[in-house]
1. What Rg and what Dmax come out for the chain when only alpha-carbon atoms are used, in angstroms?
2. For the chain, what does -39500 (n - 2.57) per DSSP helix run (n ≥ 4), summed and divided by total residues, give at 222 nm, in deg cm²/dmol to the nearest 500?
3. Which value, to two decimals, describes the C-alpha radius of gyration of segment 125-185 once divided by 2.2 N^0.38 Å?
4. How large is the translational diffusion coefficient of segment 2-67 in µm² per second when you combine the Kirkwood radius over alpha carbon pairs with Stokes-Einstein at 20 °C and 1.002 mPa s?
5. What net charge do the residues around residue 106 carry, taking every other residue with its C-beta under 12 Å from that of residue 106, with Lys and Arg at +1 and Asp and Glu at -1?
6. Ordered by residue, what ³J(HN,Hα) values in Hz, to whole numbers, does segment 40-52 give under the Karplus form 6.51 cos²θ - 1.76 cosθ + 1.60, where θ = phi - 60° and Gly and Pro are x?
7. How charged is the neighbourhood of residue 206? Take every other residue with its Cβ under 12 Å from the Cβ of residue 206, and add Lys/Arg as +1 and Asp/Glu as -1.
8. How large is ³J(HN,Hα) for each residue in segment 29-37, as worked out from phi by the Karplus curve 6.51 cos²θ - 1.76 cosθ + 1.60 (θ = phi - 60°), to whole Hz, x for Gly and Pro?
Amino acid sequence: MRLLLVEDDVSLSAVVERGLREDGYAVDTAATVLDARFHLDVNEYDLAILDLGLPDGNGVDLCREIRRRGPHLPVLMLTARDALSDKVAGLDAGADDYLTKPFDYPELTARIRALLRRPAEAHQPVLEVGDVRLDPASRVVWRGAITVPLTAREFALLEFLLRHPGQVLSRERLLEHVWDANYDGMSNVVDVHIANLRRKLASPDGPDPLTTVRGAGYRIGSPPEAHPSP
Ligand code: CA
């Protein structure tokens, strides 16, 4: 289980990080919102712990951002004050639980265990763009009403694309997430797999769901509108 700890109190962060590592969790730490965004962009987490007050923003906004990013990532909010308004704001933003500082370490791990114990299905809704659907739990893919058999790698590639609908994903990013950061096989492996996905997802009734953006990468779904129409 990989956790992201966002806390600008360096000594508290170090103590919690050490404890969580000893308890067998993989932990990344961030001291700013910017730092947290970087980690969220490059890694997949099972849980995020967010401090409310950060030097360049706050945990409530970061929590909203995490919710907008898509698949459900459990969020535990840390609040320095025992103010009801902070808790309400945190829960409104989509936090799953909160803990008031100062807290005892066992209390923190009890909350973490409870959040991670929630049924995996609840965190894995069927991903859907247009008439392409993928169920991460049963590992089934459909185009319209037709099931589409995919290899494990094609499935992982489609899942990653569907988790970032409308975003152009570079070959490098796809390689890092779907293959291995140190993959050094064929340089066109992404293109080959995209071509296979296209072929398998092809439907006489609908357009090609995958878009090639020349010089940039691949996208599934429409890009988000830059400005809402008036
Ligand atoms: Ca703080």
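Nothing in this text is a laboratory measurement; each read-out follows from the coordinates by a stated rule. Predicted model, so just to flag it, every value in this text is computed and none were measured. Note that we place each Cβ from the backbone using ideal geometry, even for glycine, and neighbour counts take in every protein chain shown.
1. Taking only Cα atoms of the chain, I get Rg and Dmax of 19.8, 60 Å.
2. Details: 8 runs with 87 residues, N = 230.
The helix-only estimate for the chain comes to -11500 deg cm²/dmol at 222 nm.
3. Normalised Rg, Cα atoms only: 1.16.
4. Reported coefficient: 182 µm²/s.
5. Its environment carries a net charge of -1.
6. 5, 6, 9, 10, 9, 10, 9, 6, 10, 10, 10, 6, 6
7. Working: positive: 143; negative: 131, 205, 208.
Charge balance near residue 206 sits at -2.
8. 10, 9, 10, 9, 5, 4, 4, 4, 4
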